[in-house]
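First the structure, in the form of structure tokens, and then the observations on it.
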Amino acid sequence: MRLFLIIMANMSTKEIRKFLLQGTLTGKLATVKKDGSPHVVPIWFILGDIDYDNGVDIIFVTGSTSVKARNIRLNNRVSICIDDRTPPFSFVTVYGVAEIQQFNRNELLKWATKIAERYMGKDNAESYGTRKSAEGELLVRIKPVNIVAEKNIAGWG
């Protein structure tokens, strides 16, 4: 009989940031519906500017009538999980508070364009950013309260 020892490791703050910025990983955002049941959807996101006192925000854009926007207005506690699909596998789960920003077209355009550049490339960023910064779109910032981050999940020694 073979015995495998699983060796998982926590990520450092630097590793978490690097992981969250790599490629086009999507986040799986969990919100709470009015009836208390969970609602989970994939989202495109980008990291906000670094605040050395409070960490870094996760930023995404959504329509004002989306289920996730309605849920956040009722209960702004959220979690988001970002994972990779390549061995040895890693993930970051952020538990936080979502803040819907007041409509500011310039701010919305800035962040929507950055998100679009990440997921759609430079050539499509401006047109997507313009479309996602119109009236009826919202900028949402997730302020982390707790982060769980593991690397080398499938590793063994």
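Remarks
- When the residues of region 82-132 are filtered to those that are of a type in the set (Ser, Thr, Tyr), without any contact (Cβ under 8 Å) to a residue 40 or more places away in the chain and closer than 16 Å to ILE43 by Cα, the one that is surrounded by the fewest Cβ atoms within 10 Å (Cβ to Cβ) is TYR128.
- Some residue of region 114-129 being part of a loop (DSSP other than H, G, I, E, B) and either at pLDDT below 95 or β-branched (Val, Ile, Thr) (or both): no
- Residues in region 11-24 that are in contact with a Lys or Arg (Cβ under 9 Å, 6 or more places away or on another chain) and either at pLDDT below 90 or not polar (S, T, N, Q) (or both) were compared, and the one that is farthest from ILE115 (Cα to Cα) is MET11.
- Going through (1) surrounded by 16 or more Cβ atoms within 10 Å (Cβ to Cβ); (2) assigned to a strand (DSSP E or B) one by one, ASP49 falls short only on (1).
The values are calculated or read from the model by the stated rules, or taken from the named source; none is laboratory data. All values derive from a computational prediction rather than experimental measurement. We place every Cβ from the backbone using ideal geometry, glycine too, and count neighbours over all the protein chains shown.
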